[in-house]
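Working notes, beginning with the structure itself.
The values are calculated or read from the model by the stated rules, or taken from the named source; none is laboratory data. Because the structure is a prediction, the values reported are computed rather than measured. Please note: Cβ atoms are built from the backbone with ideal geometry, for glycine as well, and neighbour counts cover all protein chains shown.
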Ligand SMILES: [Fe+2]
């Protein structure tokens, strides 16, 4: 039913500052109006992130791509929401609804794909122990933004994660790859994927954690490889932006990540090397501790990282 996450929507006061930041972060402006900027990556999605102009900065919501016109029709009936034309780059059709916290959730189908943008280099072949793959070549990098390929996930914060998990599972066919429980065995978080049978899919395209708001903890964008994350970090540092953490190898989902603050104070993540699962992997239940969060990092997790 749902193929994957499609785009995230945030509201900002200063779109000029947001444009500059996200270009330094590795996104490209696909289209811009007086009150909206559509940012894209190097992949074929027409856009990955919509920045809307508004008086108060806020996480607005996110969109998921539906696999067929029939699925969109079924969702329209189930959610009692009309199918409308999508007048954004790439066109298509959309059903708009809200989750139990009131976040906007858009379900889209039929967007025209864009011509991919060539990335500046292929992924680095590593000379790892037991596997020498880079022979007579040198990893030399230009100081430049970490080129974003696509949107990987949004992590929501919610006062009631079980209600959000239930809603995404029952309405959108999401499946919890990993649940997080507190010491009383109460579910306080979940990483959810959109299963495609035997096909391997991202460990999570959406996640939710207990938090004081109905907002988002971060939006995550895939880049080329670990060196893109490292060089991208140095580039963002050179521009004076504020990091939210260091470079991290996660435990659940396995990815290598780096977190930054955008000009409105929302976290955004670069990621590479995330885990892929198929239907042979059942839900795992995990305790809420440091070991579930990360295996190594270049600096200790800041105290405010788990706050929204
Ligand atoms: Fe993430």
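Could you please find all residues in the range 247-259 being away from the ligand (no atom under 12 Å from the Cβ), part of a strand (DSSP E or B) and surrounded by 16 or more Cβ atoms within 10 Å (Cβ to Cβ)? Selection gives 247 alone. Taking the range 2-34 as the range and being in contact with a helix residue (DSSP H, G or I) (Cβ under 8 Å, 6 or more places away or on another chain), over 19 Å from residue 260 (Cβ atoms) and surrounded by fewer than 20 Cβ atoms within 10 Å (Cβ to Cβ) as the test, only 32 passes. Checking residue 204 against (1) part of a strand (DSSP E or B); (2) closer than 22 Å to residue 180 by Cβ; (3) within 13 Å of the chain's Cα centre (by Cα); (4) within 11 Å of the ligand (Cβ to nearest atom): exactly one of these is not met. Which one? Answer for residue 204: the failing condition is (1).
Every residue, every condition in (1) assigned to a loop (DSSP other than H, G, I, E, B); (2) away from the ligand (no atom under 16 Å from the Cβ); (3) closer than 25 Å to residue 254 by Cβ; (4) touching a helix residue (DSSP H, G or I) at 6+ places or on another chain (Cβ under 7 Å), yes or no:
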site: 70; (1), (2), (3), (4): no, yes, no, no
site: 78; (1), (2), (3), (4): no, yes, no, yes
site: 81; (1), (2), (3), (4): yes, yes, no, no
site: 89; (1), (2), (3), (4): yes, yes, no, no
site: 108; (1), (2), (3), (4): no, yes, no, no
site: 123; (1), (2), (3), (4): yes, yes, yes, no
site: 138; (1), (2), (3), (4): yes, yes, no, no
site: 157; (1), (2), (3), (4): no, no, yes, no
site: 167; (1), (2), (3), (4): no, yes, no, no
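Within the range 3-55, the set of residues being within 20 Å of the chain's Cα centre (by Cα) and assigned to a loop (DSSP other than H, G, I, E, B) comprises 26, 27, 41, 42, 43, 44, 45, 46, 47, 48. Here residue 231 passes the criteria (1) away from the ligand (no atom under 13 Å from the Cβ); (2) at pLDDT 95 or above; (3) closer than 19 Å to residue 155 by Cα except the one numbered (3). Where residues in the range 262-282 are crowded, with 16+ Cβ neighbours inside 10 Å and in a strand (DSSP E or B), which of them is farthest from the ligand (Cβ to nearest atom)? Restricting to residues being crowded, with 16+ Cβ neighbours inside 10 Å and in a strand (DSSP E or B), the top hit is 277.
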